[in-house]
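A.B. asks: Just passing along the structure, written as structure tokens.
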Amino acid sequence: MRPEVAENVYLPRIAVLDRVVDEIQDVKTFYWHFEDPADREAFKGFRPGQFVQVTLFGAGEMPLSLPPSPTEGETFFTVRRVGSCTEALHGLRPGDKFGVRGPYGNGFPMESFHGKNLVFVAGGIGLIPLRSCIVYALAHREKYRRIQIFLGARTPRDLMYRDKLREWERSAGVECYLTVDRADEGWAGNVGVVGSLFKKPGVEVPVEDTVAFVCGPPVMFRFVIRDLAGMGFSEESIISTLERYMKCGVGKCGHCCIGVAYVCVDGPVFSYRQISKLGEDI
Ligand SMILES: Cc1cc2nc3c(=O)[nH]c(=O)nc-3n(C[C@H](O)[C@H](O)[C@H](O)COP(=O)(O)OP(=O)(O)OC[C@H]3O[C@@H](n4cnc5c(N)ncnc54)[C@H](O)[C@@H]3O)c2cc1C
Ligand code: FES
């Protein structure tokens with residue numbers, strides 16, 4: 001009898017790129033599928049906020065957020081080009097192959113927020129991880145109360161997922177508020193940081209029974225936390241994702257440790273209370 005061989009968790013499955021869509025400068029969305037239908041089948045049912053480790057052969061491996069599951073059909077990543085791995089991904093053409101292993105991480109506990117108001121606050125590409133929560137919440141609309149989306153970008157050209165934003169704006173029971181730091185001649189909307197939207201006439205953010213999802217660059221995060229705390233949000237009611245350099249993705253190498261937490265297995269989703277306790281300086 002042959003001895004049983006344990007599955008190698010570091011072995012990526014082969015994925016094939018289908019098409020690439022330009023989002024904003026240096027940010028593209030990559031639609032893909034697993035080459036082996038068995039991998040496709042095994043990969044169903046991940047949670048919003050989970051991630052995968054993506055291998056670009058000859059360049060390296062990196063963590064990327066997964067798309068909504070299964071509500072938007074196709075599997076994709078939206079990725080900003082910042083260094084060697086992201087550059088290699090941006091250089092791929094339809095038909096090219098790369099590796100994917102996962103899904104990993106805890107994801108957003110969307111079921112535990114049933115019956116609550118949801119406030120999404122995103123800055124720039126912070127909308128990438130929040131998109132999956134928004135799509136999930138809309139697919140389970142009856143489980144949640146008010147849904148508000150606040151999105152800030154540097155300029156109108158930096159607003160992410162414009163088609164999706166229009167779709168969400170048209171959805172019943174969804175309030176969508178946009179702002180930019182610098183307007184251009186076509187922009188008639190709000191100008192200012194994302195927190196300035198909370199004080200606009202006609203905007204009323206419920207605090208009782210509300211969860212605030214906040215994702216964006218560190219400076220935006222700090223200001224939004226201050227605004228939300230000033231409005232009465234507790235540290236437990238604010239939730240976010242942490243980004244750390246990762247190697248194994250499965251709690252073995254220690255690369256992603258913050259205090260006692262491994263971002264790859266205990267996160268990447270944490271409440272602001274957990275983030276404060278970890279002593280994390282965002
Ligand atoms: C759980 C998780 C999910 C993620 N999901 C996404 C996603 O969906 N889309 C996405 O675009 N990115 C995402 N990231 C970030 C992504 O993993 C990094 O951008 C990527 O690893 C950079 O690899 P690289 O080899 O291209 O750059 P590197 O060569 O490693 O870095 C190049 C330069 O960019 C800087 N840098 C690295 N990461 C970032 C960053 N995130 N923002 C700004 N500067 C950076 C480095 O400090 C360095 O100066 C995620 C990270 C984590 C931990
Ligand atoms: S990436 Fe290795 S322990 Fe988290």
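Bear in mind these aren't lab numbers, they're just calculated from the coordinates by the rules spelled out. What you see is a predicted model, and the numbers here were worked out from it, not measured in a lab. A quick note on method: Cβ atoms are made from the backbone with ideal geometry, for glycine too, and the neighbour counts reach across all protein chains shown.
A.B. asks: Ala153: net charge of surrounding residues, Cβ under 12 Å, Lys/Arg +1, Asp/Glu -1, itself excluded? Before the final figure, lay out each step's value.
C.D. replies: Numbers: positive: Arg154, Arg157, Arg162, Arg182; negative: Glu23, Asp158, Asp181, Asp184.
Local charge sum for Ala153: 0.
A.B. asks: If you line up the long axis of helix 127-139 against the longest principal axis of the chain, both from Cα atoms, how many degrees apart are they, to the nearest 10?
C.D. replies: Relative to the chain, helix 127-139 is tipped by roughly 80 degrees.
A.B. asks: Let me ask something else. What is the gain in length, in nm to one decimal, between Arg154 and Val207 on full extension, counting 0.36 nm per residue of separation less the C-alpha to C-alpha distance?
C.D. replies: Fully extending the segment from Arg154 to Val207 adds 16.4 nm.
A.B. asks: Pulled fully out, how much extra length does the chain show between Ala139 and Arg162, if you take 0.36 nm times their separation in residues and subtract their Cα-Cα distance? Please list the in-between numbers first.
C.D. replies: Working: separation 23, 0.36 × 23 = 8.28 nm, distance 1.93 nm.
Roughly 6.4 nm would be gained on extension.
A.B. asks: Still on this structure, I have one more. Between Rg and the Kirkwood Rh of the range 242-282, both from Cα atoms, what is the Rg to Rh ratio? Present the calculation step by step, with values, prior to reporting the outcome.
C.D. replies: Details: Rg = 9.5 Å, Rh = 10.1 Å.
Across the range 242-282, the Cα-based Rg/Rh ratio is 0.93.
A.B. asks: May I ask for the angle, rounded to the nearest 10°, between helix 218-231 and the longest principal axis of the chain, with both axes built from Cα atoms and the value confined to 0 to 90°?
C.D. replies: 50 degrees
A.B. asks: Report the label-to-label distance for Asp181 and Asp39 in nanometres (one decimal), using points 7 Å from each Cα along the Cα→Cβ vector.
C.D. replies: If labels sit at Asp181 and Asp39, their model points lie 3.9 nm apart.
A.B. asks: Take the alpha carbon atoms of the chain, find their radius of gyration, then divide it by 2.2 N^0.38 Å using N residues; give the quotient. Spell out each step's value before the answer.
C.D. replies: Details: Rg = 19.2 Å, N = 282, 2.2 N^0.38 = 18.8 Å.
Dividing the Cα Rg of the chain by 2.2 N^0.38 Å gives 1.02.
A.B. asks: Rounded to a whole number, what is D in µm²/s for the range 13-104 from Stokes-Einstein with the Kirkwood radius over alpha-carbon pairs (4 °C, 1.567 mPa s)? The partial results should precede the final answer.
C.D. replies: Working: Rh = 13.2 Å.
Using the Kirkwood radius from Cα pairs, D works out to 98 µm²/s.
A.B. asks: Between Arg226 and Glu72, how many nm apart are label points set 7 Å from Cα along the C-beta direction?
C.D. replies: Calculated label separation equals 3.2 nm.
A.B. asks: How many angstrom separate the Cα center of the range 4-41 from the Cα center of the range 95-170?
C.D. replies: Their Cα centres are 20 Å away from one another.
A.B. asks: Something else about it: Fully extended, how many nm does the chain gain between Ser112 and His90 (0.36 nm per residue separation, minus their Cα-Cα distance)? If you can, show how the numbers build up before the last one.
C.D. replies: Working: separation 22, 0.36 × 22 = 7.92 nm, distance 3.65 nm.
Result: 4.3 nm gained on full extension.
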